[in-house]
Amino acid sequence: MNGATINLLYFARVAELVGKRAEAWPLDGESTGAQLLAALGARYPQLEPAARLKLAINQTHSKPSAPIRAGDEVAVFEPVTGG
């Protein structure tokens, strides 16, 4: 492990489920949004199915295939429905 981290921010129900609004998350090399969501689901089973969650990387809405690198800020939130 190289000691690199990303800053995870949790919003709304996600924050309620994990019991925190933010945390430093270890990152070993480059990852993707999908890999991060899978790891979140493993650490926080209450988030399952974690693949439904949305991500914003460095304040830009991102697809699960988007790369995540050390130092990134990643917001995790529930899908929002319009009406």
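A short reminder: the numbers here are calculations on the coordinates, not readings from a lab. Everything quoted here is computed from the prediction, not taken from an experiment. Glycine gets a Cβ as well: all are built from the backbone with ideal geometry, and neighbour counts include every protein chain shown.
Figures for the structure shown
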| item | result |
| --- | --- |
| Point-to-point label distance, A51-R69, nm (Cα→Cβ direction, 7 Å offset) | 2.8 nm |
| Cα centre as origin, Lys/Arg/Asp/Glu Cβ charges: the chain dipole, Debye | 180 debye |
| Sequence-distant residues sharing a close amide H with D72 (under 5 Å, placed H) | N7 |
| Trypsin sites (Lys or Arg not before Pro) within the chain: DSSP coil, no more than 14 neighbouring Cβ in 10 Å | K20, R21, R69 |
| Approximate shape of region 4-77 as ellipsoid semi-axes (Cα gyration tensor, √5λ), whole Å, largest first | 17, 13, 12 |
| Pair E23, Q35: separation of 7 Å Cα→Cβ label points (nm) | 1.9 nm |
| Rounded tilt (10° steps) of 33-43 against the dominant C-alpha axis of the chain | 80 degrees |
| Spatial extent of region 34-83: Rg and Dmax, with the Cα atoms as the point set, Å | 11.1, 37 |
